[in-house]
2 protein chains.
Amino acid sequence: MNTASICTIGDEILIGQIVDTNSSHIARELESIGVKVRYMTSIGDVRENILSELGRCLDETDIVIVTGGLGPTKDDITKDALLQLSGSSGYRESKQQMAHVERILTARGIPMLDTNRAQALVPDKCTVLENKLGTAPGMAFHGLGRKGTSALYSLPGVPFEAEGLLPSVIDDIRAHFSLEKITHRTIVTFGIPESTLAKRIEAWEDALPSNIKLAYLPNPTIGVRLRLSQNGGDADFEPYVQQLRSLIGDAIYGEGDDTLQKVIGDKLRAAGKTLSLAESCTGGHLSQLITSVSGCSDYYKGSVTSYANEVKTGVLGVPSEIIAEHGAVSEECVREMAKGVMKLMGTDYSAATSGIAGPLGATPGKPVGTAWLAAARRNADGSVDVATECVHFASSRAINIERFASHALDLLRKQI
Amino acid sequence: MNTASICTIGDEILIGQIVDTNSSHIARELESIGVKVRYMTSIGDVRENILSELGRCLDETDIVIVTGGLGPTKDDITKDALLQLSGSSGYRESKQQMAHVERILTARGIPMLDTNRAQALVPDKCTVLENKLGTAPGMAFHGLGRKGTSALYSLPGVPFEAEGLLPSVIDDIRAHFSLEKITHRTIVTFGIPESTLAKRIEAWEDALPSNIKLAYLPNPTIGVRLRLSQNGGDADFEPYVQQLRSLIGDAIYGEGDDTLQKVIGDKLRAAGKTLSLAESCTGGHLSQLITSVSGCSDYYKGSVTSYANEVKTGVLGVPSEIIAEHGAVSEECVREMAKGVMKLMGTDYSAATSGIAGPLGATPGKPVGTAWLAAARRNADGSVDVATECVHFASSRAINIERFASHALDLLRKQI
């Protein structure tokens, strides 16, 4: 099995200004093609440290992926270290990269500076990996390390640029290393905690053939993904997935990279139905999730964030007596919010949220982390069905908002 | 200056299941007391790797902070490695820790198991740091490494437990090392790219006294933060900040941890004014940013996400001729959206967005990444001023949306 190391370069990581999310993303991709990550390291923009750390990585692992240390205001210490490590004799100008830097700067109306021009210079032994999303190129080097067979990939530190380059890196790894074939199938669940899920499918998991492995991939907004893997074979996972369906039921909402918002969108588009949203405590996050899916204008009409009660009554038409009697965080209020936005925007479905994200806003009997959620469906006869749910979480404001929104999407999914 | 390394132990990090946020948090605390983090590493639950990596860290840095590898279901490989590294002769039972484990399990109604009992056993050379939030203790070791003066702190991997133990670690570091004093001041800018900013303040930066350092901390949504630091002194940064103000002008919007949404909120609250939003391409993200600030209900009334044109006309009152003539992505349309939501919700200020986040939706003359932004202000005489701006970005859908929203906030900030 090929081994890898991931190295992040940048003082901003060592002073804790930035959380390194690149390494985790890269590790997931490497794992999915059967490359084992032995370690990750983060070091500063110091030439001698970069040289010794990358030297160690190249000696100890087959594949080294480096992110960071390439921005226009950096001293290009990283590129200089790569020049030396790769035994390049000097820099060459990458015409392709230069044209790309010019194009990007022109589009942004930024004048070309010497520091930008320097970004098109690369060590002569590297292969340039085109970075479509920024000015610093990706670089691939081969034949390095103690064994003379290790590869090094250098990517910019900006997460979406590193992410954008990753498919080229994976392609290059596939071309240069003989990887064992791994097949996967992933089903996605929501609403059952990981430990409960593990208990429920324990006997089934124990009975899996030895060449099929199960991995739990929990994510607070997506849910728990269950990934079946087989090394070196061509497994038919279908029977196992059917067994899981009978054990877990409708907590399973999709496969692979599915998210609640994508599955909801697919269902609505297929049925030719429309959606609107009314948000209070989620403050726009629910709408953001729905609109994170490209093409959502096929089914999504819009939303009202009714933070103030006068917007709940004035724009959404929630009767003021309901708020006076039950409060804004109540089953009665979210029910009216969902019906109100459905009427206002003339949609077939709607969802609504009202709760206390915290840290301020708790009232007697309604602690921080409480939210009421609703999902409404207009039936063929014109009547409206509203499902409601009350949830409690005990996290930070941001995490509470994320969880309220995910649970509202799950409630909506079950209504469609 | 004392140096440190941070080591995270756990297979779940190396397969990318978990993003390591502990290291960043620990690094910030260390930096604030003047300890320099030289590197961070993440390794798996393998005894020989733990021994060699922690050995290296202890030889090369004064302070080593380890997180992870201590849970009740782990094989306690980490604790065994610490026993060996610290030259302990065996385990001793910590009475304090045992009482604590019992208390926690009783409170949760969980029976005491051998694995829990084992958590109260610690290498005899360690000082126990009480973990009030979980069952695995923090541990401090002294007199280690090549120089015989290095310290190692072991913390549980669960982020809130590690965070809870950090003050005890910092106290212990202060007690055992003589730390140099370090002072900082950070100003926050938006709207000038890092490279242009660097060029504009180059001469000023070159003229800074040698004991004052400048760091660029760019962030796509916050902007570029400029941090001045001085080691060992008690600098008056004010004259330098004044010089920066005259060089950069109103691109400076705050200090320290300020964000656009926080600064906007502070200004609105101080003035007793209110805000509403009308979003199209940002799909709720702008509202989410405003509501990410706790206490925003003091000034924020709500928003309309008008994804469909019929919501722009029907709810926000944008004249349909405007959309027919100029399109929804136009200066005329965002202007009407901003005025419409201001009227609908009766607010003093409003902002609006309409653009093409992509990858679908481009039209001739309006490529993906184009957006029109507006920020409206109601004057004392009842008249309304609207500022507009057209922006272009060439990123992924998610990043385009983030940038549209940040630029809309910046436009709004300048209107207030």
Report task. Starting from a label point 7 Å past Cα on the Cβ side, list the distances from B:Gly143 to the same position in the other copies, nm, shortest first. Result -> 5.4
Report task. Once you have all Cα-Cα distances for chain B, histogram them in 20 Å bins from zero and send the whole-percent values. Result -> 22, 38, 32, 7, 0
**Report entry** Highest-MSF residue in chain B out of B:Ile222, B:Ile201, B:Ile65 [GNM, Cα springs under 10 Å]
**Finding:** B:Ile201
Query raised in the report: Which distances in nm, rounded to one decimal and ordered from shortest, link the label point of A:Met1 to the equivalent label points in the other identical copies, with labels set 7 Å from Cα toward Cβ?
Result: 4.0
Query - Inter-copy separations for B:His326, label at 7 Å along Cα-Cβ, nm, ascending - result: 4.2
Query raised in the report: Using alpha carbons only, how many degrees (0 to 90, rounded to 10) separate the axis of helix B:331-345 from the longest principal axis of chain B?
Result: 80 degrees
Query raised in the report: Once the mean 1/r over all distinct Cα pairs of region A:303-381 is inverted, what Kirkwood radius in angstroms do you read off?
Result: 12.8 Å
Query raised in the report: Dipole size in debye (nearest 20) for region B:182-255 around its Cα centre, Lys and Arg Cβ +1, Asp and Glu Cβ -1?
Result: 180 debye
Report task. Report, in whole Å, the centroid distance computed from the Cα atoms of region B:25-48 and region B:152-199. Result -> 11 Å
Requested in this report: Kindly provide the trypsin sites (Lys or Arg not before Pro) of region A:136-184 that DSSP labels as loop, not H, G, I, E or B, and whose Cβ sees at most 16 other Cβ atoms within 10 Å.
Outcome: A:Arg146, A:Lys147, A:Lys181
Query - Whether region B:3-176 is rounded, prolate or oblate, judged on the alpha carbon gyration tensor where a/c under 1.5 counts as rounded - result: rounded
Query raised in the report: P(r) of region B:227-268 in 10 Å steps, Cα pairs, percent per bin?
Result: 23, 43, 30, 5
Requested in this report: Return A:His100, A:His142 ranked ascending by Cβ neighbour count within 10 Å, so the fewest neighbours appear first.
Outcome: A:His142, A:His100
Report summary line: Semi-axes of the protein assembly as shown from the Cα gyration tensor (sqrt of 5 times each eigenvalue, largest first, whole Å) come to 43, 35, 29
Requested in this report: Classify region A:260-415 as rounded, prolate or oblate from the Cα gyration tensor: take a ≥ b ≥ c as the square roots of its eigenvalues, call it rounded if a/c is under 1.5, otherwise prolate when a/b beats b/c and oblate if not.
Outcome: oblate
Report task. Please give the net charge around A:Asp250, taking every other residue with its beta carbon less than 11 angstrom from that of A:Asp250, where Lys and Arg add +1 and Asp and Glu add -1. Result -> +2
Query raised in the report: With no solvent and one point on each alpha carbon, what is the Debye value of log10 I(q)/I(0) for region B:182-255 at q = 0.25 Å⁻¹?
Result: -1.26
Requested in this report: Using Cα pairs closer than 8 Å and at least 6 residues apart in sequence, work out the relative contact order for region A:3-176, in percent.
Outcome: 24 percent
Query raised in the report: Among B:Arg378, B:Arg117, which comes first, then next, by fewest other beta-carbon atoms within 10 Å?
Result: B:Arg117, B:Arg378
Query raised in the report: Counting alpha carbon pairs within less than 8 Å and at least 6 residues apart, what relative contact order, in whole percent, applies to chain A?
Result: 11 percent
**Report entry** In degrees, nearest ten, helix B:397-415 long axis to first principal axis of chain B (Cα)
**Finding:** 70 degrees
Query raised in the report: Say the cut-off is 19 Å between C-alpha atoms; which of B:Lys262/B:Lys414; B:Lys339/B:Lys366; A:Lys262/A:Lys301 go over it?
Result: B:Lys339/B:Lys366
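Reported to two decimal places, what Rg/Rh ratio describes region A:56-126 when computed on Cα atoms with Rh from the Kirkwood expression?
Rg/Rh for region A:56-126 comes to 1.03.
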Query raised in the report: Given that compact globular proteins tend to follow 2.2 N^0.38 Å, what is the ratio of the alpha-carbon Rg of region A:295-339 to that value?
Result: 1.29
Report task. Determine the distance separating the Cα centre of region A:93-116 from the Cα centre of region B:245-306; give it in Å without decimals. Result -> 33 Å
Report summary line: Inter-part gap, Cα centre of region B:353-394 to Cα centre of region A:401-416, in whole angstrom, is 30 Å
Query raised in the report: Among B:Asp234, B:Asp410, B:Asp20, which comes first, second and so on when ranked by fewest other beta-carbon atoms within 10 Å?
Result: B:Asp234, B:Asp410, B:Asp20
Report task. Report the net charge of residues surrounding B:Val384, where surrounding means a beta-carbon distance below 13 angstrom and charges are Lys +1, Arg +1, Asp -1, Glu -1. Result -> +1
Query - Partner chain coverage, peptide B:9-19 - average Cβ within 10 angstrom - result: 6
Report summary line: Averaged over all viewing directions, the convex hull of the alpha carbons in region B:1-93 casts a projected area in nm² of 6.7 nm²
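Values in this text are rule-based calculations from the coordinates and carry no lab data. Keep in mind that what you see is a predicted model, and the values were worked out from it rather than measured. Glycine also receives a Cβ, built like all others from the backbone with ideal geometry; neighbour counts cover every protein chain displayed.
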